[in-house]
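The values are calculated or read from the model by the stated rules, or taken from the named source; none is laboratory data. Because the structure is predicted, anything quoted here is derived from the model rather than measured. All Cβ positions, glycine included, derive from the backbone under ideal geometry; neighbour counts span all protein chains shown. When the accessible area is computed, the model is the full protein with side chains, heavy atoms only, and any ligands, DNA or RNA have been set aside. Shrake-Rupley method; radii C 1.70, N 1.55, O 1.52, S 1.80 Å.
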Amino acid sequence: MKKQIGITYKLFACILFFSAIKTTAQVGFFTPTPAQPLHIDAGKDNGAAPDATKISNDVVISSQGQIGVGLLNPVTKVDLRSSSDQRIIGLGTNTQSPAAAGGGAIRYNAGGFLEYSDGEQWIALPLAPPTKALVNASKSSAQSISSATTTVITNWTETVDLGTGAGGDFDPATGIFKAPRDGFYLVSFNITLANGNIPKNTFIETAIESSQSTNNIPVFKTVNSYPAFQAGAVSNFIGGNCNAIFNLKKDDTIQFSVRHNIGSARNTLNDGKLNNLSISEL
């Protein structure tokens, strides 16, 4: 009789246990407030309001079977895009045949490169880096530069643009360059204005300006000045040049401008050898 009662209690306990598992919406390890059906706080440091640093040691599995490492809301089958500086996947070597590994598998080759399987053979992934940005452009058309006004130089003629996107990295009509990726860019700009009277105590300013202000000098300028002359009036060309290195993020822009105070509008000289620019990704 006692044996039957013991079995009955054990059966009842099992029913309660499995019922509890089925009715529990989320399971958390080392966290009282799981954010997904399965949530492990490996660092045991989340507390009531965890920040990105505390979440970086968490692992979750969503209701769609997506695994998040270091983040709480994965959007791919395996998502590592957290605030951690270790959001990488380590691949090892193996001796599986490509058929056994299946199409789409990736492995590390001891020769120092990655391979992927197409289901029939292991194929080395290309090692060549992306083509670096390079732009050369000149300006042979006249553009009016008003006195005491900053004017962006437009309507360039490209001779080189290695950008792979539609239209390249430089828009010659607007004179604006868009960085294709994060990196450092070496920039050179030369401009010459047409022959004309140069009053005393005047200047021409050439400038290269980027849209990025973080960890970067956003504007480089040079000034050529004409403080005094022995003759009462001097007539000549005036020009300037500017060189810069920018630390840009993807889609940051660069533009080129001129400013002078000679008292009247002056056109750019219609000579592409004296009006040009170059941009080279380092």
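Quick look at the values:
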quantity: Candidates Ile153, Ile217, Ile198, Ile191, filtered to the one that is over 14 Å from Asn275 (Cα atoms) and modelled with pLDDT of 95 or more; calculated: Ile217
quantity: Tally of residues being part of a strand (DSSP E or B) and open to solvent by less than 50 Å² (accessible area, probe 1.4 Å) across region 152-163; calculated: 3
quantity: Within region 201-218, considering residues that are polar (S, T, N, Q) and not in a loop (DSSP other than H, G, I, E, B), the one nearest to Ile262 (Cα to Cα); calculated: Thr202
quantity: Selection count, region 183-218, where residues are among the hydroxyl-bearing types (Ser, Thr, Tyr) and surrounded by fewer than 19 Cβ atoms within 10 Å (Cβ to Cβ); calculated: 5
quantity: Enumeration of residues in region 164-179 that are among the β-branched types (Val, Ile, Thr), surrounded by fewer than 16 Cβ atoms within 10 Å (Cβ to Cβ) and modelled with pLDDT of 95 or more; calculated: Thr174
quantity: Failed criterion for Arg181 (all others in (1) out of contact with any Gly (no Cβ under 9 Å at 6 or more places or on another chain); (2) farther than 21 Å from Asn215 by Cβ; (3) outside any strand (DSSP E or B) hold); calculated: (2)
quantity: Failed criterion for Lys139 (all others in (1) more than 16 Å from Ser280 (Cβ to Cβ); (2) open to solvent by 30 Å² or more (accessible area, probe 1.4 Å) hold); calculated: (2)
quantity: Test: residue in region 18-27 that is in a loop (DSSP other than H, G, I, E, B) and at pLDDT below 90; calculated: yes
quantity: All strands (runs of 3 or more DSSP E) inside region 219-282 with 1 or more residues being loosely packed, with under 15 Cβ neighbours inside 10 Å; calculated: 219-226, 234-248
quantity: Any chance Ala148 is modelled with pLDDT under 95 and farther than 20 Å from Ser188 by Cα; calculated: no
quantity: Any chance Glu205 is under 21 Å from the mean Cα position of the chain (by Cα), at pLDDT 95 or above and acidic (Asp, Glu); calculated: no
quantity: Number of positions in region 87-110 that are free of Cβ contacts under 8 Å to residues at least 12 places away in the same chain and either within 24 Å of the chain's Cα centre (by Cα) or open to solvent by 60 Å² or more (accessible area, probe 1.4 Å) (or both); calculated: 6
quantity: Restricting region 117-127 to residues that are of a type outside the set (D, E, K, R) and touching a helix residue (DSSP H, G or I) at 6+ places or on another chain (Cβ under 9 Å), the residue that is surrounded by the most Cβ atoms within 10 Å (Cβ to Cβ); calculated: Ser117
quantity: Entirely in region 51-126, the strands (runs of 3 or more DSSP E) that have 1 or more residues that are under 15 Å from Leu38 (Cβ atoms) and at pLDDT 95 or above; calculated: 58-61, 67-69
quantity: Those residues of region 62-81 which are over 20 Å from Asp45 (Cβ atoms) and among the aliphatic types (A, V, I, L, M), in sequence order; calculated: Ile67, Val75, Val78
